[in-house]
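A.B. asks: Got a structure here, written out as structure tokens. Questions coming.
Derivation of every value follows stated rules applied to the coordinates shown; laboratory data play no part. Small disclaimer: the values here were computed from a predicted structure and weren't measured. All Cβ positions, even for glycine, are placed from backbone atoms using ideal geometry, and neighbour counts span all protein chains on display.
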Amino acid sequence: ETGVTQSPTHLIKTRGQQVTLRCSSQSGHNTVSWYQQALGQGPQFIFQYYREEENGRGNFPPRFSGLQFPNYSSELNVNALELDDSALYLCASSFEGWTPGYTFGSGTRLTVV
Amino acid sequence: AQSVTQPDIHITVSEGASLELRCNYSYGATPYLFWYVQSPGQGLQLLLKYFSGDTLVQGIKGFEAEFKRSQSSFNLRKPSVHWSDAAEYFCAVGVSGGGADGLTFGKGTHLIIQP
């Protein structure tokens, strides 16, 4: 098992800019979910991709978007960055949804200034 | 909508002592319940999960959790903690099989181990 790999590990962006975060899923997993973890908080669900389609979304605006590729790697895109977008972004892969449990990456720390 | 409460923000335990971390959920039916652990600079790791059946579930690293429907609780326990258990612990709930709605996490409990 290769685990879940996220890149970059840290990122600093300016308010109003756009950012793309990347995730390589664990081998054999067909579902990828993205979570936002603000400082001192638990992770919050952004969205889930299953077989390259978004099939679930949390309470996040449309400027948060994503992609899942045929090899099950994934991207999270955030447009028009706001200061409150500063957080740890976690990618979690799984097989057929979260029921078996997620394998999380170590996250990307995004700072918006 | 479902919610998860972890009443203790910080807990300090001496090495070798027993541990119980509290988790309460709010949902009309029996949810899917999880405990995850997050070490500094790391992602979350699944400790254990409960879906149905035996209300006492065993997990990795010597952890166990007990589901109590009457109390809407899913507390995590360990009989003897080790210094390496120092971390952030998250309880999470899911309410649909397959999981298109994602998991709802509590705010976490920070576990400190005293030598």
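A.B. asks: Of A:Ser86, A:Tyr50, A:Ala38, which is farthest towards the positive pole of region A:1-88's charge dipole, taken about the Cα centre with +1 and -1 on the beta-carbons of Lys, Arg and Asp, Glu respectively?
C.D. replies: A:Ser86
A.B. asks: Now, a different point. Could you list A:Glu75, A:Glu54 in order of exposure, starting from the residue whose Cβ has the fewest other Cβ atoms within 10 Å?
C.D. replies: Values: A:Glu75 17, A:Glu54 14.
Fewest-to-most ranking of A:Glu75, A:Glu54: A:Glu54, A:Glu75.
A.B. asks: While we're here: Regarding region A:22-113, what's the average projected area of the Cα-atom convex hull, expressed in nm²? Display every interim value, and only then the final one.
C.D. replies: Numbers: hull surface 22.8 nm².
Averaged projected hull area, Cα only: 5.7 nm².
A.B. asks: Between region B:69-115 and region B:31-58, what's the alpha-carbon centroid distance in Å?
C.D. replies: 6 Å
A.B. asks: Still on this structure, please answer the following. Hey, got the dipole for chain B? About the Cα centre, +1 on K and R Cβ, -1 on D and E Cβ, debye to the nearest 20? Numbers along the way, then the final one.
C.D. replies: Values: 8 positive and 9 negative charges, 30 e Å.
Rounded to the nearest 20 debye, it is 140 debye.
A.B. asks: Straight-line reach from B:Lys107: which aspartates and glutamates have Cα under 13 Å away, leaving out those fewer than 8 places along the same chain?
C.D. replies: Straight-distance partners of B:Lys107: B:Asp8, B:Glu88.
A.B. asks: Could I ask something else about it? Roughly how big is the protein assembly as shown's charge dipole about its Cα centre, with Cβ charges of +1 (Lys, Arg) and -1 (Asp, Glu), in debye to the nearest 20? Please report the intermediate quantities before stating the final value.
C.D. replies: On the way: 15 positive and 18 negative charges, 42 e Å.
Charge dipole of the protein assembly as shown: 200 debye, to the nearest 20.
A.B. asks: Modelled label-to-label distance, A:Leu11 and B:Asp54, 7 Å Cα→beta-carbon offset: nm?
C.D. replies: 4.4 nm
A.B. asks: Based on other C-beta atoms within 10 Å, arrange A:Trp98, B:Trp83, A:Trp34 from fewest to most.
C.D. replies: Numbers: A:Trp98 28, B:Trp83 10, A:Trp34 25.
Listed from fewest to most nearby Cβ atoms, that is B:Trp83, A:Trp34, A:Trp98.
A.B. asks: Looking at chain A, identify the longest residue range that excludes and avoids all trypsin sites (Lys or Arg not before Pro) in DSSP loops having at most 13 other Cβ atoms within 10 Å.
C.D. replies: Working: sites that count: A:Arg15, A:Arg51, A:Arg63.
The longest such stretch corresponds to A:64-113.
A.B. asks: List the lysines whose Cα lies under 16 Å from the Cα of B:Lys61, skipping any in the same chain that are fewer than 8 positions away.
C.D. replies: B:Lys49, B:Lys78
A.B. asks: Rg and Dmax of chain B, using alpha carbons, in Å: what are they?
C.D. replies: In Å, with Rg to one decimal and Dmax whole: 13.6, 43.
A.B. asks: How large is ³J(HN,Hα), in whole Hz, for each residue of region B:51-64 in order, when computed from phi with the Karplus curve 6.51 cos²θ - 1.76 cosθ + 1.60 and θ = phi - 60°, using x for Gly and Pro?
C.D. replies: Result, ordered by residue: 10, 5, x, 3, 7, 9, 10, 9, x, 7, 6, x, 8, 9 Hz.
A.B. asks: Using Cβ contacts closer than 10 Å as the measure, can you line up B:Phe34, A:Phe104 from fewest to most?
C.D. replies: Working: B:Phe34 28, A:Phe104 25.
With the fewest neighbours first, B:Phe34, A:Phe104 line up as A:Phe104, B:Phe34.
A.B. asks: Percent of Cα-Cα pairs more than 23 Å apart in the protein assembly as shown, please.
C.D. replies: Numbers: 12195 of 25878 pairs.
Roughly 47 percent, rounded to a whole number.
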